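Worksheet: the structure to be examined is printed underneath.
The values are calculated or read from the model by the stated rules, or taken from the named source; none is laboratory data. The model shown is predicted, which means the values in this text are computed figures rather than measured ones. As a convention, Cβ positions derive from the backbone with ideal geometry for all residues, glycine included, and neighbour counts pool all protein chains shown. Ligands, DNA and RNA are excluded from the accessible area calculation, which covers all protein heavy atoms including side chains. Shrake-Rupley method; radii C 1.70, N 1.55, O 1.52, S 1.80 Å.
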Amino acid sequence: MTTLPTTHAAPHDAPEHGGHDAHGEHAKYPFLQHHFDTPAHQFGSAKLGMWLFLATEVLFFGGLFVAYAVLRARFPEVFSYASHYLNTIMGGVNTCVLILSSLTMALAVRFAQTNKKNAMLLCLVLTFMGAVGFMVIKYFEYSHKIHQHLVWGKTFYVPPDDAGGEAEKLVLSKAPELPAALVVANPAGPAIPAFEPIPAVEVSAIKAANKAPSGLSTPREQAKEEGLPVASHDAALEHPSLHLSDPKMPANTHMFFAIYYCMTGLHGIHVLAGMVMLAWLIWRGARGDFNSNYFTPVDVGGLYWHIVDLVWIFLFPIFYLIH
Amino acid sequence: MAHNTSHEHNASSEPHPLVGHLVPMWLLFGVGTSLLVLTAITVAVRYIDVGEFNLVIALGVAVVKATLVALFFMHLKWDRPFNLLTFVGSMAFVVLMMAFCLMDTGQYRASQFKGNPPDVESTLQANAPGAPVARFKPDAP
Amino acid sequence: MTTIHAPRPTALEVQTDNYLTHSRGFLSWALTLDHKRIGVMYMVGVLASFFVGGMFALLVRTELLTPGQTIPGVTADVYNQFFTLHGAIMVFLVIIPSIPAALGNFVLPIMLGAKDVAFPRLNLGSFYLWVFGACFTLVSLAMGGFDTGWTFYTPYSTTSPAGGVIPVLFGVFVLGFSSIFTGMNFIVTVHKLRPPGMTWFRMPLFLWAIYATAIIQVLATPVLAITLMLLVIERTINIGIFDPSMGGDPVLFQHFFWFYSHPAVYIMILPAMGIISDLISVHAHRHIFGYKFIALSSIAIAIFSFLVWGHHMFISGQSPLLNTLFSLISFSVAIPSAVKVFNWLTTLYKGNISLTTPMLYALSFLVLFTIGGLTGIHLATLNTDVHLHDTYFVVAHFHYVMMGSALIGMIGGLHHWWPKMTGKMYSEALGSTACVIIFIGFNVTFFTQFYLGSKGMPRRYYDYQPEFQVYHVISTLGSYFMASGFFLTAYCLISSLIGGRKAPANPWGGGSLEWQCDSPPPHDNFATQPSVGDCYDFRSLRWDEATQGYVIDPVLAAEAAKHPLH
């Protein structure tokens, strides 16, 4: 589909429309499509369409929020524990970046409405830069975590360079004993201790929150103190699964990272899509398509960008800010 | 059909748009600042232990922030009520789904068996090695 | 009333100025933004998929003729693929898009008096999404097919060795977005493009049904999309959210899936109910009874549909509390459904019924939907469901509502609007014969399955006890009979394209706006803005021998205007 402004006038090349055309509106406003009566009619329809799309986005993310809630209700200790591996500073900075880009997007809409083309373009470019900044920070967060082997699924326990499965055995050796009742009921129980959630994790036992960003480097020291097996050579410092020697690690910690990557990953994809949309808006804006009468793409594009911000506003506290 | 042309009259001398609502600059910047302040607050609260209320406060602040964005940045305050209904309605459906799912998983959680009973496990190992319910084995590669 | 039958262009001009002849060439169709052409393209795609899905159904039925292997080469694994493909194609490629996307696209803007849908480009886009989704399904066949059942339950879907599971998950994901965009488009169209005079309560009931459907499409389908994405992630990188051995929860998958898929069964049935409301009123030539009740019951069903999904999970490990809640709420769906049935019956009462082919389909719908709906009550009851769950009783129940109601409604609507879409009349004799054959074949096929199910024959089984064989044979023979009815329908409709008599503007005596424009409609739908009245007030219509159709009689119209119905 071409997006040339001339095609906005009439997708159908039929010259005659009867009836309820507000006469002259189509001649006066070349962007007005043939099946709408007035610019306000077209604008209102586009907005309603966009809001319906945003409703689908809410439910799209909503599925993951439900999964999050169910998992968190099931493994509160996992979320309390694993949250401290997330970098609150980076997350907080990213929140601010998105809020500021939302502000510049809202300003861009206002400048489009007031025919200030250059100011609008500046704001759109700033919004785009905000998106780039968000993704760059996200990239550093992800690569850091993947390097530290804070990943999803069974690979959370089995680092790729741990051929002997030493790390996994370490986890299992530290797994809590089963309650006596369960052992009687299920003699095979002790063989599968990794599934037993720790009944109660005293909050104070978890690393202090303000040490969280540096928490990745402490387990080795702790492990030494507690006499756990730690490779002696220096390369161990680079071992990508230091979290495994954390004696406080509850079972199923990988679940936190699974849902973390799902939700922030899906959000990241939406940011990327938003960058494509912003680039398109900048291109059209630079060409002079928008003015105080016709700025629908900027407005509905802005709505999309704000919902991306909105989702992050919820993602930030539910992942980064668990006490 | 009423169209959502803006009939709000601002004190400013800006040209009045044909469609949409012109949000004053001070309001946009005010909302932006409030959002940043609220972010700082919610980060600060994380370091204070108020038990269960940490989650409540974090979510409460997030809801306030989301409301600010929706009302002012997304123009919902001046938009047609149906758009507001669409948005709030969609969230209500998420809450509905979450409520039922949480209620259900909370109910059956106690009866969930962690892993397989031994007889099931031995049968599975004999008849369906690698079956999806196979347990997490310490010596797995 | 405008005099649409007043000075007419010459016959030659009428023939050249319709949407079919407006422009020519492949690209004029492939890139069209005309909702009528998009509707026709959808219809062709949907009917082709219906043929493929039907073939798989016949293969399944043939395989079940004898216990054990019947068709050489069809092992249990191949059989699993057959019924999975039958289910997935029929649900995602046929029934869900059939009425809203195919018939709805064609009829909705014309009924509304609009020139097009609100977003014509999005409309074309959603058609191509449908095509991509269908292609993905074909790709999955080439990559080894899939045997998970159309519900993709975990852990089957995360562990099945079949190679086509991921492509089909992507395919259904894409199809979901096609459905979402169609729904969005229709909601905006109904809200924004109603011409002056077309108030909410003057809309034909088909539009109310499509509107209610669109609400479900917009609100429920995204949840399916994210569920399928989670399945793809689960299958590729094994994150464990649905895997109990990793702390996940397979029942959560069922919650997610049915949060979409239960509303989705109303995406299938609601538009058919809308069609039936119109068919019954038009072909009985009597004002619809209880217009507002039918209209609002559509909305009520749309809302209720979100509250009952757990009745699919009574024996899946769902908690007793939720079982009870969902069972109770499920009963309440019977209320708006029964409101509709009673109103349809009351419309028929003392009506001047023409037993045309569409009317025969509407009457079939009434019978089959009532049976399907009432057996639904058995299944919503907790303790009977424990016995009947996952047996042929369930298979029979949902075929009565999905096929006997939704598809029969679609075929009835196709016959109703066929003259409008193609400008040709089909043979009534052939059409009604085919309808009777389908009706008989359907009941032979599926009523037997109620019995089979209540005796304990589980669904999806390749093999069965020998004492069930006689019922399986009856059911299979019924399915062959029904298939012959569908082939006869196809012959009847296709032959009308070649040798059919030219259709008048209003062959049935309908009062809604689409009958005020020519058959087939011109490119812009209406030469002049049509006047909007009560679309179920048929008193001003008179049979006209010359055109073999109904026309508005000025005398009768004046008489009717003196005595308004309400």
Does residue C:453 fit the bill of being over 24 Å from the mean Cα position of the chain (by Cα), assigned to a helix (DSSP H, G or I) and crowded, with 23+ Cβ neighbours inside 10 Å?
-> yes
Exactly one condition in (1) touching a residue at least 24 places away in the same chain (Cβ under 8 Å); (2) on the phi < 0 side of the Ramachandran plot is not met by residue A:115; state its number.
-> (2)
Of the residues in the stretch A:32-70 that are more than 9 Å from chain B (Cβ to nearest Cβ) and open to solvent by less than 10 Å² (accessible area, probe 1.4 Å), the one that is nearest to residue A:313 (Cα to Cα) is A:64
Any chance you could count how many residues in the stretch A:251-284 are within 14 Å of chain C (Cβ to nearest Cβ) and aliphatic (A, V, I, L, M)?
-> 8
Residues satisfying the stated conditions in the stretch C:307-343, i.e. in contact with a His (Cβ under 8 Å, 6 or more places away or on another chain), facing chain B (nearest Cβ under 9 Å) and either open to solvent by 40 Å² or more (accessible area, probe 1.4 Å) or without any contact (Cβ under 8 Å) to a residue 60 or more places away in the chain (or both) | C:309, C:310, C:326
Across the stretch C:253-268, what is the total count of residues that are open to solvent by less than 10 Å² (accessible area, probe 1.4 Å) and more than 14 Å from chain B (Cβ to nearest Cβ)?
-> 3
Taking the stretch A:100-128 as the search range and keeping residues that are more than 8 Å from every other protein chain (Cβ to nearest Cβ) and hydroxyl-bearing (Ser, Thr, Tyr), which one is surrounded by the fewest Cβ atoms within 10 Å (Cβ to Cβ)?
-> A:104
Evaluate the following for residue C:223: is it open to solvent by less than 10 Å² (accessible area, probe 1.4 Å), within 10 Å of chain A (Cβ to nearest Cβ) and either β-branched (Val, Ile, Thr) or closer than 15 Å to residue C:176 by Cβ (or both)?
-> yes
Residues located in the stretch C:491-512, provided they are open to solvent by 10 Å² or more (accessible area, probe 1.4 Å), in a helix (DSSP H, G or I) and in contact (Cβ under 8 Å) with a residue 12 or more places away in the chain = C:491, C:493, C:495, C:497
Counted residues, the stretch C:359-414 - those being farther than 19 Å from residue C:439 by Cβ and hydroxyl-bearing (Ser, Thr, Tyr) | 4
If we scan the stretch C:463-470, do we find a residue that is assigned to a helix (DSSP H, G or I), of a type in the set (D, E, K, R) and surrounded by 17 or more Cβ atoms within 10 Å (Cβ to Cβ)?
-> no
Counting only residues that are outside any helix (DSSP H, G or I) and more than 12 Å from chain B (Cβ to nearest Cβ), the stretch A:285-297 contains a total of 2
Within the set of pairs 6 or more residues apart or between chains, which connect a residue that is more than 13 Å from residue C:154 (Cβ to Cβ) inside the stretch C:244-261 to a residue that is of a type in the set (Gly, Ala, Ser) and crowded, with 22+ Cβ neighbours inside 10 Å with Cβ atoms less than 6 Å apart?
-> C:260/C:220
Could you tell me which residue of the stretch C:98-123 is nearest to residue C:186 (Cα to Cα), considering only residues that are open to solvent by 10 Å² or more (accessible area, probe 1.4 Å) and touching a helix residue (DSSP H, G or I) at 6+ places or on another chain (Cβ under 8 Å)?
-> C:119
Determine whether residue A:300 is surrounded by 19 or more Cβ atoms within 10 Å (Cβ to Cβ), touching a Lys or Arg at 6+ places or on another chain (Cβ under 8 Å), more than 8 Å from chain B (Cβ to nearest Cβ) and part of a helix (DSSP H, G or I).
-> yes
Tell me, which helices (runs of 4 or more DSSP H) wholly within the stretch C:145-241 include 2 or more residues that are closer than 23 Å to residue C:336 by Cα?
-> C:165-192, C:205-237
Residue count, the stretch C:515-542 (criterion: in a loop (DSSP other than H, G, I, E, B), open to solvent by less than 10 Å² (accessible area, probe 1.4 Å) and aromatic (Phe, Trp, Tyr)) = 1
Residue check for residue A:167: within 12 Å of chain B (Cβ to nearest Cβ), at pLDDT below 90 and surrounded by fewer than 16 Cβ atoms within 10 Å (Cβ to Cβ) = no
Residues of the stretch C:75-119 classified as within 14 Å of chain A (Cβ to nearest Cβ) and part of a helix (DSSP H, G or I), total | 4
Could you check residue C:371 against (1) away from chain B (no Cβ under 14 Å); (2) at pLDDT below 95 and say which number it fails?
-> (2)
Residue, nearest to the other protein chains (Cβ to nearest Cβ), within the stretch A:71-99, restricted to residues that are among the hydrophobic types (A, V, I, L, M, F, W, C), open to solvent by 10 Å² or more (accessible area, probe 1.4 Å) and within 17 Å of the chain's Cα centre (by Cα) = A:96
Could you tell me whether the stretch C:41-64 includes any residue that is modelled with pLDDT of 95 or more and under 26 Å from residue A:46 (Cβ atoms)?
-> yes
Residues being open to solvent by 20 Å² or more (accessible area, probe 1.4 Å) and in contact with a His (Cβ under 9 Å, 6 or more places away or on another chain): count how many of those fall in the stretch B:47-78.
-> 8
Which residue pairs have Cβ atoms under 8 Å apart, sit 6 or more places apart or on different chains, and have a first residue in the stretch B:74-86 that is more than 7 Å from every other protein chain (Cβ to nearest Cβ) and a second that is among the acidic types (Asp, Glu) and open to solvent by 70 Å² or more (accessible area, probe 1.4 Å)?
-> B:78/B:8
Inspect all residues belonging to the stretch A:134-150 and state whether any of them is surrounded by 24 or more Cβ atoms within 10 Å (Cβ to Cβ) and away from chain B (no Cβ under 11 Å).
-> yes
Report, by residue number, each residue of the stretch C:124-146 that is touching a residue at least 40 places away in the same chain (Cβ under 8 Å), open to solvent by 40 Å² or more (accessible area, probe 1.4 Å) and either among the aliphatic types (A, V, I, L, M) or within 20 Å of residue C:243 (Cα to Cα) (or both).
-> C:129, C:131, C:141
Report, by residue number, each residue of the stretch C:193-213 that is open to solvent by 40 Å² or more (accessible area, probe 1.4 Å) and among the charged types (D, E, K, R).
-> C:202
Restricting attention to the stretch C:28-70, the residues that are part of a loop (DSSP other than H, G, I, E, B) and open to solvent by 40 Å² or more (accessible area, probe 1.4 Å) number exactly 6
